[in-house]
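A short worksheet on the structure shown next.
We did not get these values from a lab; they are worked out from the coordinates using the rules stated. Small disclaimer: the values here were computed from a predicted structure and weren't measured. A quick note on method: Cβ atoms are made from the backbone with ideal geometry, for glycine too, and the neighbour counts reach across all protein chains shown.
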């Protein structure tokens, strides 16, 4: 799919425009600072896009205000005493330097213990933590997929985990493939389940339209509560981009 990017300003608001071979315009506001991005059909003029954004300025401002209020973590240094989240619970990191293989485990419901060889660099510590997060998240997915496939009426051919900067999940409807964000390992079970169901519904309906919302209301009536919980949870320190 060919794309063309440009940046314009609409009433003082910087907006990134990405033109694609698509049918409908999609407006998004992304964390952590409320960056605005429009995916627009190739045929739409700048003026048509400008008008579409203006009509939704109030919504854009509300989304940006929400990101400003949202708690966020500073960059993690991977040292003892830092806070880290595991399945929605806050833990204090305890770094134990010993001549042993690298390992990570929760202790006493409040401690996240990392055992590493002496002198292990910060980046290597972070890699070890991410690997541990990935293992835990991978272990949680099969049971949830098995639970929701008969409810949604789809078959998930493959569910993968990756780090994503602007999305909690994505999917490929043609291949029945789903990706979930590694960051969901830090969130509650309900947040993970909501994203998984969200992406499974996209295998039935690609767009966030009334049909999509009807499916979500039918399969997971409380999905808006889970979405709000996810939106309220602390944002990690990331170098966000698209």
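Hey, for a label at residue 135 modelled as a point 7 Å past Cα toward Cβ, could you say which residues of the range 160-194 have their backbone N under 12 Å away?
Backbone N within reach: none found.
Shape of the range 30-134 from its Cα gyration tensor (a ≥ b ≥ c, root eigenvalues): rounded if a/c is under 1.5, otherwise prolate when a/b > b/c, or oblate?
Cα axes put the range 30-134 in the prolate bin.
Rounded, prolate or oblate: which fits the range 124-216 when a ≥ b ≥ c are the square roots of the eigenvalues of the alpha-carbon gyration tensor, with rounded for a/c under 1.5 and prolate only if a/b beats b/c?
Prolate.
Give the relative contact order (percent, whole number) for the range 83-232; include only Cα pairs under 8 Å separated by 6+ residues.
RCO, the range 83-232: 19 percent.
Given bins 5 angstrom wide, list per bin the percent of all Cα-Cα distances in the range 3-69, short to long.
Going from the shortest bin to the longest, the percentages are 4, 18, 31, 25, 14, 7, 2, 0.
So what's Rg/Rh here for the chain, counting alpha carbon atoms and using the Kirkwood radius for Rh?
When Rh is taken as the Kirkwood radius, the ratio is 1.01.
Note the full-extension length gain between residue 37 and residue 127 as 0.36 nm times their separation in residues minus their Cα-Cα distance, in nm to one decimal.
The span from residue 37 to residue 127 would gain 29.3 nm if fully extended.
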